[in-house]
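Q: Sharing a structure below in structure tokens format, with a few things to ask.
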Amino acid sequence: MATFTATHISQEQPAISGGQAGVVVCNEGAYEAPVTLAANDIVKLAFLPAGHKPVDVILEADDLDTNGTPTIALAVGVVNSDGDDLVASTNFITGSAVGSTGGVARADTVAGLQLAASSVDRVIGVKVTTVAATKAAGTLKLKVLSVPA
């Protein structure tokens, strides 16, 4: 299992946050995923800012599995404090095949969208839940939309 981190997170740049109720803010990140992406790898991509509740999460992925019968599956959720897994019951997206041909996936799990605001910024990441049949390098992009609580 490997962990990959978008530059703005590794440099500890602050999350974008809003100060007015109902104003949606978007924190986003991108990472050039290597051809070595394997099962259980985590890619830390974006922040859910302190004091904010999620509204939507949008994952964009290139074709990361060029096999005629692709198998790659991805999940999106809050990265745990050790940075090596997603926190149970915080998933926004589960079992997505978006990396099998490239495309867009949006939040499909209620648990993540019902997260309460936290007093700290949380990192949102992508986990490879099923490895690609024929691995390919490509870009993963994540947009986390949230509102002040």
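Q: Can you name every one of the strands (runs of 3 or more DSSP E) wholly within the stretch 70-125 that holds 3 or more residues which are open to solvent by less than 30 Å² (accessible area, probe 1.4 Å) and touching a helix residue (DSSP H, G or I) at 6+ places or on another chain (Cβ under 8 Å)?
A: Once the strands (runs of 3 or more DSSP E) in the stretch 70-125 are filtered for at least 3 residues that are open to solvent by less than 30 Å² (accessible area, probe 1.4 Å) and touching a helix residue (DSSP H, G or I) at 6+ places or on another chain (Cβ under 8 Å), what remains is 73-78.
Q: May I ask you to list the residues in the stretch 126-149 that are under 15 Å from the mean Cα position of the chain (by Cα), over 14 Å from Tyr31 (Cα atoms), of a type outside the set (A, V, I, L, M, F, W, C) and open to solvent by less than 50 Å² (accessible area, probe 1.4 Å)?
A: Listed by number, the list holds a single entry, Ser146.
Q: Let me ask another. Here's a check for you: in the stretch 98-125, which residue that is under 18 Å from Asp85 (Cα atoms) and among the charged types (D, E, K, R) is farthest from the chain's Cα centre (by Cα)?
A: Residue satisfying both the conditions and the ranking: Asp121.
Q: Looking at Gln20, Gln11, which one is more than 21 Å from Asn91 (Cα to Cα) and touching a residue at least 24 places away in the same chain (Cβ under 8 Å)?
A: Only one candidate passes the filter, namely Gln20.
Q: When you scan the stretch 21-53, how many residues do you find that are among the acidic types (Asp, Glu) and either at positive phi or open to solvent by less than 60 Å² (accessible area, probe 1.4 Å) (or both)?
A: Residues flagged as among the acidic types (Asp, Glu) and either at positive phi or open to solvent by less than 60 Å² (accessible area, probe 1.4 Å) (or both) within the stretch 21-53 amount to 1.
The values are calculated or read from the model by the stated rules, or taken from the named source; none is laboratory data. Source: prediction; values computed, not measured. Here Cβ is always computed from backbone atoms with ideal geometry, including for glycine, and neighbour counts include all displayed protein chains. Keep in mind that these areas ignore ligands, DNA and RNA; they rest on the heavy atoms of the full protein, side chains included. Shrake-Rupley method; radii C 1.70, N 1.55, O 1.52, S 1.80 Å.
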